[in-house]
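In what follows, a single structure is set out as structure tokens and then discussed.
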Amino acid sequence: MFHYTDKPGYNAIRATVEWCFRATQPPARHNPVGAYFTLLPPGTPLLAKRIRVPKSKTEFAFSFVDAGDLKPLRGRRGRYILYSKSDYTVDRSRLVVGSQTPEIEELISDLDRTFRQRQAA
């Protein structure tokens, strides 16, 4: 699971022991108030356009293990956009990484390469 943000958002979230994502009203008023997340990893083509945020909001990303407690957004985008109606806290046991997006892309690539090597062995 991923949450994308800009530098001020990144600094605010990582300043706490457990990550807390604040529920807010998105610019598209037809979408519910919530803390929003996506299944789309860094490096996804047209990421900002697909999740409908300014490109500056994809500069940093947080990744955590999904607990199955997020609601899908109504409509087709609900396949890859999920949200919590209230502030969403991720406890330490579910944390994966929070960093600049290119660093997470590299981590995912390394993990994928290791996985493929183990499958081939």
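No lab work stands behind these numbers, since they all come straight from the coordinates. Quantities reported herein were computed from a predicted structural model and do not represent experimental measurements. With ideal geometry, Cβ positions are generated from the backbone for all residues, glycine too; neighbour counts draw on all protein chains shown.
Counting every other Cβ atom within 10 Å of each residue's Cβ, Asp69, Asp6, Asp91 order from fewest to most as Asp69, Asp91, Asp6. Cβ crowding within 10 Å, taken as a proxy for footprinting-reagent exposure, orders Tyr4, Tyr36 from fewest neighbours to most as Tyr36, Tyr4.
Here Val33, Val90 are placed in order of increasing Cβ neighbour count within 10 Å, fewest first, which gives Val33, Val90.
Decide, for the range 1-101, between rounded, prolate and oblate: order the square roots of the alpha carbon gyration tensor eigenvalues as a ≥ b ≥ c, take rounded if a/c falls under 1.5, and otherwise choose prolate if a/b is larger than b/c, else oblate.
rounded
What is the sum of charges, Lys and Arg at +1 and Asp and Glu at -1, for the other residues whose Cβ falls under 14 Å from the Cβ of Asp87? In short, -1.
Modelled spin labels at Gln25 and Lys55, positioned 7 Å past Cα toward Cβ, are 3.0 nm from each other.
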